[in-house]
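This report concerns only the one structure given below.
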Amino acid sequence: MSTALNSMGRSRRALPTVLGLLGIVGATGGLLLDGPVWLGLIGVVLGGLYLSGTAVLAVVLGQIALVTVETPSLLSLALVEGGLFLTLLSVATKTPDSRVASSLVALIVPLLGGFVWLSVWRWTIDPLRVGFAILVGTAIVGYLLHRYLLIELDIVTADIASDRDFQ
């Protein structure tokens, strides 16, 4: 009986990993569809970042790599964005409150993809500037979320002297 429960628990944990790797493969395929062959190496880096536990960095790198594709087709854009969406969604399903995390993912990935599409193909901004803006924006939002969680969990308070234990 306990063996069946252990295998069921293991398979539930393996599902997000398979979902995330499927997303990485889809994003890499979308990059290779309309982009240069060297973007295959970016796909390997995306997989490495995902497996090392930094799926958010993998998504940011995927968005930046999408900027390097000159004029992607709608299919290529959909594959990359869909793959990156699955990658973030796989991490969000592992969190204790997966509904909130999944909703956040469903909001952020289309926003990043829309920003890339608008800035490169509609506003004709230099792709390196777009990639830099995505990287800086993600870093700022990540830091603000980190600080918010420190305050929410009462790790950082208004009393500086009581916070020295956590520094």
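The values are calculated or read from the model by the stated rules, or taken from the named source; none is laboratory data. Predicted, not measured: the structure shown is a model, and the values here were computed from it. Note: ideal-geometry Cβ built from the backbone for every residue, glycine included; neighbour counts use all protein chains shown. Surface accessibility is based on the protein's heavy atoms, side chains included, excluding ligands, DNA and RNA. Shrake-Rupley method; radii C 1.70, N 1.55, O 1.52, S 1.80 Å.
Is it the case, given these coordinates, that Ile140 is hydrophobic (A, V, I, L, M, F, W, C), open to solvent by 70 Å² or more (accessible area, probe 1.4 Å), modelled with pLDDT under 75 and out of contact with any Gly (no Cβ under 9 Å at 6 or more places or on another chain)?
no
Just the residues that are hydrophobic (A, V, I, L, M, F, W, C), surrounded by fewer than 22 Cβ atoms within 10 Å (Cβ to Cβ) and under 12 Å from the mean Cα position of the chain (by Cα), please, taken from region 34-59.
Leu49, Val56, Leu57
With among the basic types (Lys, Arg), modelled with pLDDT of 70 or more and open to solvent by 90 Å² or more (accessible area, probe 1.4 Å) as the only criterion, which of Arg129, Arg147, Arg99 stands out? If you could, list the steps in order and put the result at the bottom.
Details: Arg147 fails: open to solvent by 90 Å² or more (accessible area, probe 1.4 Å); Arg99 fails: modelled with pLDDT of 70 or more.
One residue alone meets the criteria, Arg129.
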